[in-house]
Amino acid sequence: MEKKIKRPGQAQAAGADQHDLDCRGEGGQTRREFMVTAAAVGAGLALTGAIGESQEAAEAAELVNDPAKAVAIQVPNPPDTIAVELTVNEHTHMVNVDPRTSLLDALREYMGLTGSKKGCDHGQCGACTVLVDGRRINSCLTFAVMYQGKKITTIEGLADGDDLHPVQAAFVKYDGFQCGYCTPGQICSTVGLLAEARAGCVSAVTPDLACAKPVLSEMEIRERMSGNLCRCGAYPGIVEAIKSLAGAQS
Amino acid sequence: MKLFTYSKASGSVGHALEESAGKSGSHYIAGGTNLIDLMKDDIVSPDHLVDITALSCSQIEKLPGGGVKIGALVSNSDLANDSFIRQNYPVLSRALLSGASAQLRNMATVGGNLMQRTRCSYFYDVAGACNKRQPGSGCPAIEGYNRMHSVLGASSKCISAHPSDMCVALAALDATVQLTGEKGDRKVKLIDFHKLPGNTPELETVLLPHELIVAVELPHLGYSKNWCYLKVRDRASYAFALVSAAACLDIEGGKIKSARLALGGVAPKPWRAQEAEKLLVGKEPDERAFKAASEAVMKTARGLEHNKFKIELGKRTIVRALKVAAGGVA
């Protein structure tokens, strides 16, 4: 049932997530572009204390838009970086990272793939969930330098152009979100969950561990999704969405 | 996070030892789910990381004389879902599945699970004292909020609890840990691998500097018929144990032929209850025998202000786990 993963478009590589692309305002600006400009203008005003000093604002905007420069600001003495080739959504990126860079930060700050979210940054909330070689992991709790040669799939790599991935479509249909912040992680986690179920994986609540094909009951879904928290409490919709997919799968 | 240097060991275990040798602040990293968390909070600050994920320690091999050898790099989810383990060592599978989340189990390895550090909140608070983190600085948990802490095996220096579920099942299954290091290979019983805190809570395992866990071995007897892993916790999923129990029985002719019992969440290491096991042997698998066993386990328990409930909870958890194992009503 899963669609072929498509390479992200230029706009995504430049820093806009799918939601941004769908939400261009009257001036043709995305939400992210607007926020970056607003932040830059704010920084410019703070620096100059006067309206109309657009040079500083432009420089600040450039700093915010260029991750390499942003890192240089955060770390007074930048360490030797390590070159790593990351394959994300079937697209190869060559990045030079400080070894401390988490996979999540590499995706967000170095590749502009801001769909994966930073919630707790400690592997407790699941907002950063991505797929590595088809398996769901917490991208905040691992270092980017360890992922050379692995196939990484983020929320940006699931849809096929304008056609949503079946999991994305089910989340829309069953109202599986409210604010949307945890949603990329919830969706990637669901893609992983369905692959695990197809492979016959068991869970802590599977009554018979020897059974080859556990049924994805509501209890099973809740247990298997316990690594993804939703502070809006959209769990009933999320469970319904996954139930519909589990039904289609079996 | 303090800056570190990084290198990746390839192929042989020997290469990992070479990469680590001579570097005083060197740590091995595989799944990283606990180590990176600790590094982010500056609780552990390695100077060098040796990435061991490419080593050839990812197999689950049946041993010729019975039993199984589990490579240290097998992920928690692969081990829990392995069909041989599910059928022959189900208590291990259930214990693994009871810990963490699906994402974390996909990342975390067997070796890393053995090396998991306590989740004591004082250990995590770098602004405060902790004898484990800063030897000699004191243990605020003893007089503090100690609800998650140990009632067995603690000392006046440290009352933290060991967080692993997997290790509880491994203790019950009489596992052996295979190590390799500068002085060669050796095997250590799982129940001897972790240390009690005593006066040196900073020393948690018998691992020597640069020594590496390469595998865990389980003997033939997996108690695949009469077993139970019962985890009691504050949430239904994705929470550490208040108390957990791995109970395994071999019942023949209406009598207990052999018994295994290990506990989690109540002690600074996976707590094997061998005295209680001896009490069970030869008895009929009934409530009276199970209660006697539970009393024996908790005989030396010492509760503090917020964790004393664990003594009674522990007894009830043991009795219920043994009942389920015996095939009774939970």
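Values as computed for the structure displayed
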quantity: Amide H contacts under 5 Å for B:S258, placed H, 5+ residues apart; calculated: B:D250
quantity: Translational D in µm²/s for the stretch B:27-69 (Stokes-Einstein at 4 °C, 1.567 mPa s, Kirkwood Rh from C-alpha pairs); calculated: 103
quantity: Counting all C-alpha pairs of the stretch B:54-108, share separated by more than 20 Å (%); calculated: 21
quantity: Peptide ranges A:160-171, A:122-133, B:268-279 listed from the most packed, as the mean C-beta count within 10 angstrom indicates; calculated: A:122-133, B:268-279, A:160-171
quantity: For chain B, built as a Gaussian network whose Cα springs stay under 10 Å, the top-fluctuating residue of B:T300, B:T33, B:T180; calculated: B:T300
quantity: Residues whose placed amide H lies under 5 Å from that of B:T205, excluding near-sequence neighbours; calculated: B:K195
quantity: Test item: Cα-centred dipole of the stretch A:166-249, Lys/Arg +1 and Asp/Glu -1 on Cβ, debye; calculated: 140
quantity: Spread of Cα-to-Cα distances over 5 Å intervals beginning at zero, given as percent, for the stretch B:1-96; calculated: 3, 13, 18, 17, 15, 14, 11, 7, 2, 0
quantity: Lys/Arg +1, Asp/Glu -1 at C-beta; the protein assembly as shown dipole; positive extreme among B:V110, A:G112, B:F193; calculated: B:F193
quantity: Using a Förster distance of 25 Å, the FRET efficiency for A:C211-A:D163 (Cβ separation, nearest 0.05); calculated: 0.10
quantity: MRE, 222 nm, helices only [DSSP H, n ≥ 4, -39500 (n - 2.57), over the protein assembly as shown, to nearest 500]; calculated: -9000 deg cm²/dmol
quantity: Karplus-derived 3J(HN,Hα), 6.51/-1.76/1.60, for each residue of the stretch B:26-41, Hz, glycine and proline x; calculated: 8, 10, 7, 9, 10, x, x, 5, 9, 4, 5, 4, 5, 5, 4, 9
quantity: Whole-Hz ³J(HN,Hα) from phi, Karplus 6.51 cos²θ - 1.76 cosθ + 1.60, for the stretch B:195-210, glycine and proline x; calculated: 9, 7, x, x, 8, 10, x, 6, 9, 9, 9, 8, 4, 8, x, 6
quantity: For B:118-124, mean number of other protein chain Cβ atoms within 10 Å; calculated: 0
quantity: Peptide-level mean, for A:184-194, of C-beta atoms on other protein chains within 10 Å; calculated: 1
quantity: Sequence-distant aspartates and glutamates (8 or more away, or on other chains) whose Cα lies within less than 18 Å of B:K62; calculated: B:D78, B:D82, B:D174, B:E217
quantity: Exposure proxy order (Cβ contacts within 10 Å, fewest to most) of B:L207, B:L92; calculated: B:L207, B:L92
quantity: Local electrostatic count, B:A326, Cβ distance below 15 Å [Lys/Arg +1, Asp/Glu -1]; calculated: +3
quantity: Farthest toward positive dipole pole in the stretch B:227-326 [+1 Lys/Arg, -1 Asp/Glu at C-beta], among B:V324, B:L263, B:A239; calculated: B:A239
quantity: Residue-span extension gain [B:S58 to B:Y6] - 0.36 nm each, minus C-alpha spacing; calculated: 16.6 nm
quantity: Reach of B:K195 by Cα under 22 Å, taken over lysines that are not fewer than 8 positions away in the same chain; calculated: B:K132, B:K157, B:K183, B:K187, B:K269, B:K299, B:K310
quantity: Cα centroid of the stretch B:100-140 to Cα centroid of the stretch B:30-84, whole Å; calculated: 17
quantity: Candidates B:L221, B:L55, B:L179: whichever shows maximal mean-square fluctuation once chain B is modelled as a Gaussian network with Cα springs under 10 Å; calculated: B:L221
quantity: At 1.306 mPa s and 10 °C, Stokes D of the protein assembly as shown from Kirkwood alpha-carbon radius, µm² per second; calculated: 62
quantity: Residues in the stretch B:273-287 that a label on B:K255 would reach, taking backbone N under 17 Å of a point 7 Å out along Cα→Cβ; calculated: B:277-286
quantity: Computed Kirkwood radius, in angstrom, where 1/r is averaged over Cα pairs of chain B; calculated: 20.2
quantity: Mean separation of Cα contacts under 8 Å (6+ apart) over length of chain B, as relative contact order %; calculated: 16
quantity: Largest-first principal axis extents of the Cα set of the stretch B:227-326 (Å); calculated: 42, 29, 22
quantity: The stretch A:166-249: Rg to Rh, with Rh as the Kirkwood radius over Cα pairs; calculated: 0.96
quantity: Label zone at A:M219 (point 7 Å along Cα-to-Cβ), backbone N below 12 Å, the stretch A:186-208; calculated: A:204-208
quantity: Mean-position separation - Cα centroids, the stretch A:204-235 and the stretch B:240-313, in angstrom; calculated: 29
quantity: For the stretch B:79-160, radius of gyration divided by Kirkwood radius, i.e. Rg to Rh on alpha-carbons; calculated: 1.11
quantity: Average silhouette area of the stretch A:97-138, convex hull of alpha-carbon atoms, in square nanometres; calculated: 3.1
quantity: Within 10 Å of each Cβ in A:218-226, the average number of Cβ atoms from other chains; calculated: 3
quantity: Residue of B:A292, B:A246, B:A95 that the Gaussian network model of chain B assigns the largest fluctuation, springs spanning Cα pairs under 10 Å; calculated: B:A292
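Every number here is computed from the coordinates shown, using simple stated rules; none is lab data. Since the model is a prediction, treat every value here as computed from it, not as a measurement. Counting neighbours? That spans all protein chains shown, and the Cβs are built from the backbone with ideal geometry, glycine included.
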